[in-house]
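One structure below.
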Amino acid sequence: MANVFISYNRESEAITKNLVDDIKLLGHTAWFDQELSGGQVWWDQILEEIRNNDVFVFVLSPESLSSTACKLEYRYAAELRKTILPVLIAEGISTNLLPPALLQIQFVDYLKRDR
């Protein structure tokens, strides 16, 4: 069983919740920022969660690829040498345009939401 951190953009929140449910059904734990509560120093909490999880899932969408927060989360996970799993959730992403580090990693196609 792995502990999984989910990096996503708010535009993909509904699909991300489905992905989280599927990850949990597969027997893993999943964390994404829906579990933050008021009063927390949100960025410190996110970095702590990245450190405490085994796998970093990058939800691939045009919005996440242009999100500053998602890019910073990804870079931090890469610096920590976390296992990174890109998960494609949206059409219209040219794999040729992915950041070089993400381009080297085989992504999971979740367009059909098949576990």
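Being assigned to a strand (DSSP E or B) and of a type in the set (A, V, I, L, M) narrows it down to one residue among ILE93, ILE84; which is it? Working first, answer last.
Working: ILE93 fails: assigned to a strand (DSSP E or B).
So the residue among ILE93, ILE84 that is assigned to a strand (DSSP E or B) and of a type in the set (A, V, I, L, M) is ILE84.
Within the stretch 96-115, work out how many residues are outside any loop (DSSP other than H, G, I, E, B) and of a type in the set (A, V, I, L, M). I'd like the intermediate steps shown before the answer.
Looking only at the stretch 96-115, we keep the residues that are outside any loop (DSSP other than H, G, I, E, B), and these are 96-97, 100-103, 108-109.
When the remaining residues are screened for being of a type in the set (A, V, I, L, M), the result is 97, 101-103, 108.
Of the residues in that region, 5 qualify.
Within the stretch 67-98, how many residues are farther than 15 Å from LEU111 by Cβ and either within 13 Å of the chain's Cα centre (by Cα) or modelled with pLDDT of 90 or more (or both)?
Total meeting the criteria: 19.
To keep it simple, each residue is scored yes or no on (1) of a type outside the set (Phe, Trp, Tyr); (2) in contact with a Ser or Thr (Cβ under 8 Å, 6 or more places away or on another chain).
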{"site": "VAL59", "(1), (2)": "yes, yes"}
{"site": "LEU72", "(1), (2)": "yes, no"}
{"site": "TYR76", "(1), (2)": "no, no"}
{"site": "THR83", "(1), (2)": "yes, no"}
{"site": "GLN106", "(1), (2)": "yes, no"}
{"site": "ASP109", "(1), (2)": "yes, no"}
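Would you be able to tell me the number of residues in the stretch 13-39 that are loosely packed, with under 13 Cβ neighbours inside 10 Å, outside any helix (DSSP H, G or I) and at pLDDT below 90?
3
In the stretch 50-97, which residue that is more than 17 Å from ARG10 (Cβ to Cβ) and of a type in the set (Asp, Glu) is least open to solvent (accessible area, probe 1.4 Å)?
So, considering only residues that are more than 17 Å from ARG10 (Cβ to Cβ) and of a type in the set (Asp, Glu), the one least open to solvent (accessible area, probe 1.4 Å) is ASP54.
Looking at the stretch 56-94, which of its residues are free of Cβ contacts under 8 Å to residues at least 60 places away in the same chain and among the acidic types (Asp, Glu)?
GLU63, GLU79, GLU91
Within the stretch 44-63, identify whether any single residue is closer than 18 Å to ASN3 by Cα and of a type in the set (Lys, Arg), and answer yes or no.
yes
The values are calculated or read from the model by the stated rules, or taken from the named source; none is laboratory data. Bear in mind that the values here come from a model prediction, so they are computed numbers and not experimental data. Note that we place each Cβ from the backbone using ideal geometry, even for glycine, and neighbour counts take in every protein chain shown. Surface areas here come from the heavy atoms of the whole protein model, side chains and all, with no ligands, DNA or RNA. Shrake-Rupley method; radii C 1.70, N 1.55, O 1.52, S 1.80 Å.
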